[in-house]
Amino acid sequence: MAGKMVTAPQTATTPADPGKRRLLKAAAALAATATFGSYGRTWAAATDKIRIGYIGPKTGPFAPFTEADDFIIEQVRKSLAGGLKVGDKTYEVEILARDDQSSPDRQSNLAAELINKDNVDLMLAHVSIGPGVSQQCELNGVPCISTMTPWQAWMFPMKGEVSKGFKNVFHFFWGIEDIADVYLDIWRGASTNKVVGSVFSNDVPGNAMGDAKLGMPGAFAQAGYRIIDIGKFPVGADDFSNYIQAFKKENVEIVTGLFNPPEWASFLNQSAQMGFKPKICTIAKALLFPGGVAALGPRAEGMSTEIWWLPSYPFKSSLTGQSAAELASSYASATRKEWTQPLGVVHALFEAGVQGLKLSRDPKAPGKVADAIRGMRHDTVIGQLDFNASGIRNVSKIRVVGGQWHVGAGGKPDLVITNNSTAPEIPVQRKLDLINWG
């Protein structure tokens with residue numbers, strides 16, 4: 001029987017509060033809208049087997065964000081090897097993982113294939129490159145949970161409404177407003193002159209997050225900080241001398257922005273050469289992965305950033321029973337690699353998916369699965385997901401706190417939690433230190 005086709009939601013709306021509206025609009029351009037499919041859904045899957053589709057950028061520019069995916073999927077397969085019991089019935093579970101190669105078009109096409117050829121019962125997706133998977137699932141009546149992009153970049157390209165949401169698709173992650181709050185939490189109480197140098201990349205995420213009025217700098221200005229912004233830099237830039245000169249002239253003591261790791265390394269090297277020594281550097285993206293931070297050497301000391309997940313988080317997996325620390329340790333033992341923040345987030349994606357199937361009481365009925373997720377509250381290795389409490393329909397926000405990198409005696413960087421007013425249940429490990437440039 002062919003599945004019911006549903007139309008896409010209409011024009012997005014935002015809450016009436018002006019401050020929130022400014023931030024909610026900021027990330028609408030963060031992801032290019034993927035192509036809508038026009039495929040029919042053939043419901044012919046085996047009644048005793050649950051098929052879960054998973055799509056992520058295993059290769060291409062976004063591959064660093066999926067470094068832990070193979071490990072996670074293998075863990076989930078082992079935890080479900082004896083089947084998944086839903087009500088009085090036990091189902092065999094098959095996970096069909098696909099690589100979208102960091103391409104929005106390929107992502108959308110793979111989703112259509114998993115829906116129409118493989119008859120998946122549930123879709124899970126890493127959607128940094130755009131909401132193409134969710135669009136296909138919404139059109140074809142397949143329940144879907146996605147993560148790894150700000151919720152605005154997921155909802156607004158699909159013309160979703162904050163107050164209405166969608167019928168079949170759900171998302172969990174942070175929003176631009178959350179990261180702005182975390183950065184302000186990091187800076188609050190620090191002894192600075194509250195002059196901020198704004199340095200964002202000239203690309204989709206940089207333009208959205210770094211917009212002087214609608215992005216993070218606008219939130220900082222409203223909080224009483226003076227913003228020095230001389231424009232965006234081109235992706236791949238290696239000369240930041242004009243920014244550094246301007247920041248020195250204006251006596252900037254806080255630097256913030258969005259960089260790739262090599263760009264931030266260039267900025268730090270040139271700052272040292274030009275004698276620019278800000279008290280705080282709070283940077284997105286470049287300081288996300290331990291490997292990229294290690295490449296900075298001693299200059300990584302004192303760099304600060306937002307934290308999505310750490311091995312020190314006080315939560316455990318509902319699938320494996322592992323604490324956050326145990327999950328990170330098992331990953332390191334199996335792969336000989338350092339933990340990454342997406343390790344916890346993608347693991348939680350599978351936790352949420354499995355719990356949604358359990359709560360549905362009938363995992364072969366897509367409407368029941370979607371309804372179960374809509375009201376789901378579930379504890380995971382990254383903390384509690386609650387799709388009914390964020391004030392944004394179909395969205396659960398994740399816990400985000402502030403942290404700082406410190407370089408140990410052996411040169412190994414360690415990220416510690418310094419500020420937690422945005423998530424008090426996650427303990428602070430150390431007080432924020434102003435950067436000591438030596």
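The numbers here are math on the coordinates, done by the rules we state, and not lab data. As the structure is a computational prediction, the values presented were derived from the model and not from experiment. Every residue, glycine among them, receives a Cβ derived from its backbone with ideal geometry; neighbour counts consider all protein chains shown.
Side notes on the structure shown:
- Gain upon complete extension [K117, N242; 0.36 nm per residue less C-alpha separation]: 39.6 nm
- Structural descriptor for the chain: relative contact order 17 percent, calculated from alpha carbon pairs under 8 angstrom and at least 6 residues apart.
- Projecting label points 7 angstrom from Cα along Cα→Cβ for D386 and V204 puts them 3.2 nm apart.
- Net charge of Cβ neighbours under 15 Å - reference T380; Lys, Arg +1; Asp, Glu -1: 0
- Crossing angle, helix 104-116 versus the chain [Cα axis fit, 0-90 degrees, rounded to tens]: 20 degrees
- With Cα atoms as the point set, the radius of gyration and Dmax of segment 44-130 evaluate to 13.9, 44 Å.
- Of the trypsin sites (Lys or Arg not before Pro) in segment 181-277, the ones in a loop by DSSP (not H, G, I, E or B) with at most 14 other beta carbons within 10 Å are R188, K194, K213.
- Shape of segment 247-321, Cα gyration tensor, a/c cut at 1.5: prolate
- Shown in residue order for segment 129-135 are the 3J(HN,Hα) couplings computed by the Karplus curve 6.51 cos²θ - 1.76 cosθ + 1.60 at θ = phi - 60°: 8, x, x, x, 4, 5, 4 Hz (x for Gly and Pro).
- Sequence-distant residues sharing a close amide H with A97 (under 5 Å, placed H): Y54
- If you bin all the Cα-Cα distances of segment 63-212 at 10 Å, starting from zero, the percentages per bin are 9, 31, 31, 18, 8, 3, 0.
- Radius 14 Å from Cβ of K412, net charge of other residues (Lys, Arg +1; Asp, Glu -1): -2
- Beta bridge orientation in the chain: antiparallel %, DSSP, nearest 5: 35 percent
- Amide H contacts under 5 Å for F200: F233, L258, restricted to partners 5 or more places along the chain or on a different chain, H placed in the peptide plane at 1.01 Å from N.
- Taking each residue as 0.36 nm, the span from N269 to K412 lengthens on full extension beyond its C-alpha to C-alpha distance by 49.5 nm.
- Between segment 324-378 and segment 107-132, the alpha-carbon center distance in angstrom: 17 Å
- In this rough spin-label picture, where each label sits 7 Å from Cα along the Cβ direction, the V235-S330 distance is 3.5 nm.
- Using alpha-carbon coordinates, inclination of helix 324-335 to the longest axis of the chain, degrees: 80 degrees
- The chain - mean residue ellipticity at 222 nm from DSSP helices (-39,500 (n - 2.57) per run, n ≥ 4, rounded to 500): -9500 deg cm²/dmol
- Remark: the K85-V195 segment gains 33.9 nm on full extension, using 0.36 nm per residue and subtracting the alpha carbon distance.
- Distance between the modelled labels on D105 and R77, one decimal in nanometres: 3.1 nm (7 Å Cα→Cβ projection).
- The phi-based Karplus calculation (6.51 cos²θ - 1.76 cosθ + 1.60; θ = phi - 60°) puts the 3J(HN,Hα) values of segment 90-101 at 10, 10, 5, 10, 10, 9, 10, 9, 10, 9, 8, 6 Hz, whole numbers, x for Gly and Pro.
- Size descriptor, Kirkwood hydrodynamic radius, that averages inverse alpha-carbon separations across segment 200-344, Å: 16.9 Å
- Whole-angstrom gap from segment 394-411 to segment 262-298, using each part's C-alpha centre: 16 Å
- Against the chain, whose longest principal axis comes from its Cα atoms, helix 176-187 is set at around 40 degrees.
- With R₀ fixed at 45 Å, the C-beta to C-beta distance from A365 to D433 puts the FRET efficiency at about 0.25.
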